[in-house]
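FYI, it's all coordinate maths here, none of it is from the lab. Note that this is a predicted model, so its numbers are computed, not measured. Every residue, glycine as well, gets a Cβ built from its backbone with ideal geometry; the counts of neighbours run over all protein chains shown.
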Amino acid sequence: MRELRKARLVLALLILTSITLIVVDLRGGVGGPLQPLRTVTTAVFGPLERGAAAVISPVQSFVQAVANWGDQQATIDELTMQNEQLRAQVDTADVDRDRVAALDALLGLAADTSVDIVPAEVIAVGPAQGFAWTVTLDAGSGDGVSEGMAVLNGGGLVGRVVSVGPDTATVLLIVDATSTVGGRLAGSAQIGIVSGTGRQDLMTMQLLDPLAPVQSGDVVVTFGSQSGRPYPPGIPVGVVESVSGTPGQLTRVANLTPYADVSMMSIVGIVVNPPRTDPRPVITAPPLAEGS
Amino acid sequence: MAWRRALLIATLLILAVVIELTVLAPLPWWGATPPLVLVVVAGVALSFGPITGAVAGFAGGLLLDLAPPALTTVGIAALILTVLGYGLGRIFDSDERPLWLTTVVTALAAGISVLATAALGGLLGDVRVRWDDVPGFLAAVIVYAAFLSLPCVPGIRALSRRVVPEAFPR
């Protein structure tokens with residue numbers, strides 16, 4: 001009986017502590033009173049997760065390769081077909097030389113506005129049943145990473161760094177339901193807000209102009225933020241799948257498929273140096289003529 | 001010795017958190033991530049009773065709330081695992097239970113944890129919570145918890161008997 005009383009007391013105390021933590025965290029948020037607790041845990045678990053990831057990495061690639069086997073077979077077929085088409089196109093290569101020279105010049109220009117990235121590996125992932133889409137990277141403040149940096153992979157935008165430990169960084173993926181990215185349709189330069197939905201293959205874009213021409217297949221790139229934090233401009237985000245105009249709503253919504261496959265990430269790049277904020281020359285207005 | 005019990009449980013929980021986040025979560029599981037931490041808490045509660053179960057649940061949940069890449073509200077997993085640790089220890093404390101029963105109750109506890117996470121998140125206004133994902137999570141987590149508990153719960157009990165024999169008089 002006394003044992004049971006003690007057990008109930010312990011239970012009540014722990015529940016009270018948990019609820020206090022929830023309330024304190026909800027009121028404080030990032031940088032709130034629980035920040036030291038998070039910092040300490042990150043400092044301790046970062047190295048542990050790095051170590052475990054190093055040990056387990058070969059096993060994981062094997063399992064992922066097995067899980068991907070069907071996809072790979074399809075990819076091989078597709079590539080074989082493409083290869084044949086490309087072989088036919090090689091014959092016309094000479095004709096395209098002039099265009100290549102022009103593209104080269106463009107590339108030089110692009111290099112002027114390009115981004116510096118730190119490569120990093122995904123070492124831990126939040127459990128799916130927690131609803132949040134977050135991953136841990138094996139690069140931290142020691143590698144020049146800080147909060148608010150954009151994260152890319154070969155496909156496009158992946159997310160942004162939301163907290164940094166000494167040698168790990170936590171990334172909020174763009175498909176997380178709390179993530180929003182300023183987006184721009186690559187063709188028409190229409191702007192909108194791209195939000196995650198919590199689904200790994202679906203994002204929505206609220207177009208600010210209800211009459212904006214948009215159709216499936218349109219490419220969405222980042223709009224860019226103040227001094228490139230968090231998102232530098234012009235990074236591919238996704239491609240429009242379908243458009244739904246909601247009656248009564250002032251903005252139209254486009255459904256996007258993200259370019260980056262967030263469920264199968266290994267190497268990503270953290271943008272440590274966004275492009276120069278103003279790479280364009282300034283155009284000065286000519287002075288007004290007398291008497292006009 | 002109390003410190004040997006604490007050391008054993010701390011080691012088990014830290015191992016479980018690291019394995020769940022770095023080994024299990026990145027793999028392409030069907031539906032959800034296998035809830036290793038929950039199964040370890042269940043194993044501890046079923047070996048040591050309600051007080052240790054509640055404390056282990058609180059500690060394991062807090063680690064899940066804080067270890068990177070966690071971004072959700074701190075305290076939610078701690079609260080849920082505290083209650084589950086207490087409940088499991090309370091109901092199934094007294095003596096040796098058959099394997100099928102510990103498996104069933106661990107799987108049940110896992111299902112409750114999924115529902116409670118979604119409900120608490122929804123109550124606290126977390127926009128991430130999608131109720132149409134919950135049935136899938138529920139089914140997957142229950143199945144994974146059942147499979148994990150088959151080796152883990154008897155394993156933790158055997159380990160506990162070995163390391164802390166005085167907690168098991170008979």
Relative contact order of the stretch A:180-223: what whole-number percent is it, with Cα pairs under 8 angstrom and at least 6 residues apart? 46
Short version: what are the Cα gyration tensor semi-axes of the stretch B:2-159, square root of 5 times each eigenvalue, largest first, in whole Å? 23, 17, 15
So for chain B, averaging the separation of alpha carbon pairs under 8 Å that are six or more residues apart and normalising by length, what relative contact order in percent results? 29
Under a point-charge model restricted to the Cβ atoms of Lys and Arg (+1) and Asp and Glu (-1), what is the dipole moment magnitude of chain B relative to its Cα centre, in debye to the nearest 20? 440
Pull out a ≥ b ≥ c, the square roots of the eigenvalues of the alpha-carbon gyration tensor of the stretch A:2-64, then state rounded if a/c is under 1.5, prolate if not and a/b is larger than b/c, and oblate in the remaining case. oblate
Within the stretch B:20-52, name every residue whose backbone N is under 11 Å away from a label modeled 7 Å from Cα of B:L115 along the Cβ vector. none
Everything considered on the Cα gyration tensor (a ≥ b ≥ c; rounded for a/c under 1.5, else prolate if a/b is larger than b/c, else oblate), the stretch A:116-273 must be described as prolate
Within 10 Å of the Cβ of an average residue in A:5-13, the count of other chain Cβ atoms is 5
Give me B:Y144, B:Y86, A:Y259 sorted ascending by neighbouring Cβ count inside 10 Å, so fewest comes first. A:Y259, B:Y144, B:Y86
Dipole of the stretch B:2-159, positive direction: furthest Cα of B:I9, B:S149, B:G85, with charges on the beta-carbon: B:I9
Over the stretch A:116-273, what is the mean sequence separation of C-alpha contacts under 8 Å (at least six apart), divided by residue count, expressed as relative contact order in percent? 25
